[in-house]
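Heads up: the structure comes next, in structure tokens.
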Amino acid sequence: MKHILFTLKGCPWEALNDDAYIKHCLVEASKWGKATMLNVTSHKFFPQGLTAFALLSESHISIHTWPEKGMAVCDVFTCGDHTDPMAAVQFLKAELDATDIIVNEFVRPLE
């Protein structure tokens, strides 16, 4: 099991506040990560920002956005040797046009 926690910085406000676009990014990230998408859901906050979650057969991908800070805090958690969670991370960095990324990678379970 691999769990990657990451923060994307320098992202455009418009991308981080667009619910449909973020959902699209989650669907595509799951493909890049070679995971099986089961469902995607989100909640939009007022006046800006959103939380979106992709439920995968192999676990999940989440994105929490702060458009006013140009920041998204995310994670990709997958099990199975067939998955490539770092590819999903790199896809999201590129697709959300981040200028910087902070990444922490864990192998689960922590012991």
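Full extension of the chain segment joining MET1 with LYS34 gains 10.5 nm, where the gain is 0.36 nm per residue of separation less the Cα-Cα distance. Note on LYS69: lysines with a C-alpha under 17 Å away, same-chain residues under 8 apart excluded, are LYS9, LYS44, LYS93. Charging the Cβ of each Asp and Glu at -1 and of each Lys and Arg at +1, and nothing else, the dipole of region 2-106 about its Cα centre rounds to 120 debye. Helical runs (DSSP H, four residues minimum) scored at -39500 (n - 2.57) apiece and divided by the length of the chain put the mean residue ellipticity at 222 nm at -7500 deg cm²/dmol. Among residues other than PHE91 with Cβ under 11 Å from its Cβ, the summed charge is -1 (Lys and Arg +1, Asp and Glu -1). Taking 0.36 nm per residue of separation and subtracting the current Cα-Cα distance, fully stretching the chain between PHE45 and VAL27 would add 4.4 nm. Electrostatic bookkeeping for ASP81 treats Lys and Arg as +1 and Asp and Glu as -1; over the other residues with beta carbon under 11 Å from its beta carbon, the sum is 0.
Bear in mind these aren't lab numbers, they're just calculated from the coordinates by the rules spelled out. In this text the structure is predicted, and so the values were computed from the model without any measurement. With ideal geometry, Cβ positions are generated from the backbone for all residues, glycine too; neighbour counts draw on all protein chains shown.
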